[in-house]
1. Can you pull out the residues in region 305-321 that are surrounded by fewer than 23 Cβ atoms within 10 Å (Cβ to Cβ) and assigned to a loop (DSSP other than H, G, I, E, B)?
2. Only residues that are aromatic (Phe, Trp, Tyr) and more than 24 Å from residue 244 (Cα to Cα): list them for region 265-320, please.
3. In this structure, does residue 302 turn out to be assigned to a loop (DSSP other than H, G, I, E, B) and surrounded by fewer than 19 Cβ atoms within 10 Å (Cβ to Cβ)?
4. Just wondering, is there one or more residues in region 248-267 that are in a strand (DSSP E or B) and over 24 Å from residue 230 (Cβ atoms)?
5. Go through 400, 383 for me and flag whichever is in a helix (DSSP H, G or I) and under 20 Å from residue 279 (Cα atoms).
6. For residues in region 88-108 being small (Gly, Ala, Ser) and not in a helix (DSSP H, G or I), which is nearest to residue 147 (Cα to Cα)?
7. Would region 117-139 turn up any residue that is under 22 Å from the mean Cα position of the chain (by Cα), modelled with pLDDT of 95 or more, under 30 Å from residue 49 (Cα atoms) and of a type in the set (Lys, Arg)?
8. Restricted to region 23-53, and to residues that are farther than 19 Å from residue 100 by Cβ and among the aliphatic types (A, V, I, L, M), which residue is modelled with the lowest pLDDT?
Amino acid sequence: MKMNQYLLLFIIIIIIIIIHHFQFSLAILDPADFLALQTIRKSLDDIPGSNYFSSWDFTADPCNFAGVFCSADRVVTLNLGDPRAAAPGLSGHLHPAIGKLTSLVELTIVPGRITGTIPSTLSDLKSLRVLGISRNFISGEIPASLAGLTELRTLDLSYNQLTGSIPWAVGSLPALTNFVLCHNKLTGSVPYFVSKTLTRLDLKHNNLSGSIPPGFLPSSLEYLSLSWNRFSGRVDYLLPNLNRLSYLDLSLNRFTGPIPSCVFDFPITNLQLERNLFTGPVQPGKEVAIQTVDLSHNMLFGEVSPLFSTVHNLYLNNNRFTGSVPTTLMDRLKAGNVQLLYLQHNFLTEVPIKPTEVIPVSSSVCLQYNCMVLPVQTPCPIESGTQKTRPTSQCVQWKELKG
């Protein structure tokens with residue numbers, strides 16, 4: 001008798017578990033989220049060739065829609081658009097109703113033709129960790145109210161048409177790890193970042209300006225791109241604190257002062273500092289292990305350091321370097337270990353290479369427009385001009401000036 005009672009009790013427990021699981025799987029979506037999804041759908045359309053919204057049939061469970069993920073009765077992830085490469089994307093605009101999805105943790109939109117502004121209602125998404133709206137046609141300013149998203153880890157608004165400045169308050173987001181605003185039309189200065197976990201800062205191709213005081217960028221940074229802006233001021237007080245950088249691009253700005261020797265010790269593959277207003281001698285502390293170093297189009301002077309002999313691609317052109325090219329550098333070039341060496345448009349006076357020596361086909365060197373007769377004739381970029389040697393008057397004036 002007791003055996004039958006235990007068996008019956010076991011069967012009842014199993015039935016309760018099955019019913020509970022079945023009820024949970026059929027949980028009705030929160031009405032606010034349901035209405036928000038309907039409104040969002042009405043504000044967006046598939047670009048011809050896309051069928052992202054084909055599964056958005058509101059007679060069915062919205063948690064089974066493409067790009068919609070739920071936890072219990074709330075939407076927690078909304079990935080708008082087909083994420084496959086070369087998918088056409090969406091058109092329309094971002095409706096403020098997105099702010100009604102208050103349990104969202106992730107909101108992303110694939111590249112497409114979405115226009116309009118960023119809804120200020122996004123500040124209501126207090127649990128949001130990822131906000132990615134890139135490669136569309138979003139315009140207007142970045143809402144300062146995004147500073148209220150204290151859980152935000154990734155903010156990617158790149159490749160849009162955003163204008164105005166980066167709100168100072170957004171820099172106060174405490175949990176940021178990725179901050180990507182490249183390829184917009186932003187102006188103004190860089191805010192002070194409080195996050196101690198920020199690893200990626202990409203602001204290239206904007207119209208940002210001003211100096212960046214020491215301490216504004218956290219030492220946690222591993223990727224820093226500020227190229228194609230109008231930043232100015234010195235970096236020799238800023239960069240020494242950023243010794244975790246694995247990528248650094250400050251090109252096409254107006255930075256001044258010397259290049260700190262510490263940057264040549266960073267664990268990076270490419271060092272892009274070209275087309276600025278850097279001055280002074282360049283003095284690495286040890287052999288440079290960076291594959292590509294571009295210091296071209298600055299106002300650097302002094303002799304070329306032999307510690308650059310280990311660099312595969314070295315751009316020192318359009319500066320004011322003087323003296324002789326290091327023998328070790330030319331030896332490595334002749335051995336095929338240096339793939340590219342641009343030294344044109346300087347004030348160099350000697351290159352240790354004989355006219356009969358052969359430069360490997362795999363290597364490229366340009367020496368023209370210096371204060372010497374070229375020992376060898378080599379092909380140079382078109383922008384180097386046709387003059388082989390710098391006018392003697394310029395060489396004398398520069399020598400007298402430095403003397």
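The values are calculated or read from the model by the stated rules, or taken from the named source; none is laboratory data. Bear in mind the structure is a predicted one, so any value in this text is a computation, not a measurement. Note that each Cβ is placed from the backbone with ideal geometry, even for glycine, and that neighbours are counted across all protein chains shown.
1. Result: 305, 312, 318.
2. The answer is 301, and nothing else.
3. Considered against the rule, which asks whether it is assigned to a loop (DSSP other than H, G, I, E, B) and surrounded by fewer than 19 Cβ atoms within 10 Å (Cβ to Cβ), residue 302 comes out as no.
4. no
5. It is 400.
6. 103
7. Yes, there is a match, as at least one residue in region 117-139 is under 22 Å from the mean Cα position of the chain (by Cα), modelled with pLDDT of 95 or more, under 30 Å from residue 49 (Cα atoms) and of a type in the set (Lys, Arg).
8. Within region 23-53, the match that is modelled with the lowest pLDDT is 26.
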